[in-house]
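No value in this document is a laboratory result; all are computed from the given coordinates. Note that this is a predicted model, so its numbers are computed, not measured. Glycine gets a Cβ as well: all are built from the backbone with ideal geometry, and neighbour counts include every protein chain shown.
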């Protein structure tokens, strides 16, 4: 078939009318650019591909996905390097393995390449596993003199990819863009790997178009925007959205392998989550902004069948005779401390270094007590009761999903601090007054899905 005959046939069969403008242009450009000696051999294949393309468009709803790579969740395998590092704490690795897909798309601009390696997606969560690379001949000044696993490195890593704008099916989502949290680690001085986690509003179609717009990367302006079409059909059944609430403090509850989330309608009060056994469930409050609703990433027990969502009337520090009361914790394995009325922690492990102290807790109960609030000179002390904090200290709390533990970490670049000498922590004792009259009960037993999301706290 000659070139002009192919064009006539495409027009006659009205294929062009069904093609997006961008596709028609690509087809014309391809035909125009073929050398004469190769046109005959390739035109037939082009025609076949055109027909197949139109057939797909006519038999499905993915017209909007033209030009975007289609990936199917539940088919991909995540590189263990992406999930096993201490900063990659978004969700358990085995759940990611079952609910993600390899993306394998990238874009290069200004000598910098952004690659989306894997994607995980459900009604409540979006996980983007990524790699950012400089030209191999270029050494990033950010890391040239920065010690690996240092506080400075952590700051540098998490500032390399900031503020991607995410839209789903062509609609910008304020909550996506406001609640993104990135965690990354360094491969070498010109390459990092990381994960970006976003909270979503739900509910999603089984097939969605994902737009990732990035104009700033590694302190450089450019364009690293990309698109993906995501087929969730294989894993959509694993996530359940509960939304049938009237005049409720709860907007929706999502039970999912990628993380259980609760969206609150009450922006005036913090919430406590209690299950049918009277256990207060640990949660991470992921957002507290003016635009979006408060979102709690929470964890339930194996036999949690229902939830009670309770507003907190008041949360304060306990005092006696004008003196702040403290809950003292000895830094020994299996030690238990009650920080507040309903927050009880058990020491699972303690790791001490000169400039770093990391305490791993099993969360027995949790009412939202702020563990790092009101830090004083005697917050961390040695065996003789002497303070180890001089000129301030840096504190972080995070969840180790693989170990199912809450982590409290202290670090500081100051040479004057020796955390290896830490013997006790003096938490401020707190009191939470709950509004039991306004509690909201939510049955979730019918939504119990995989056993892997029903483990003891915090996962």
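The stretch between residue 403 and residue 219, if pulled fully straight at 0.36 nm per residue, gains 62.8 nm over its current Cα-Cα span. Straightening the chain between residue 187 and residue 227 buys 11.8 nm, computed as 0.36 nm per residue apart minus the Cα-Cα spacing. Label positions at residue 205 and residue 423, each projected 7 Å from the Cα along the C-beta direction, are separated by 6.5 nm. Length gained on full extension, residue 285 to residue 353: 21.6 nm, using 0.36 nm per residue less the C-alpha separation.
Residues 243, 137 in ascending order of nearby Cβ atoms (within 10 Å, fewest first): 137, 243. Take the Cα of residue 94, step 7 Å toward its Cβ, do the same at residue 325, and the gap between the two points is 4.1 nm. The ranking of 387, 133 by Cβ neighbour count inside 10 Å, starting from the fewest, reads 387, 133. Between residue 370 and residue 79, the distance separating the two model label sites (each 7 Å from Cα on the Cα→Cβ line) works out to 3.9 nm.
With the cut-off at under 18 Å, measuring from each backbone N in the stretch 244-280 to a point 7 Å along the Cα-to-Cβ line of residue 305 picks out 274-280.
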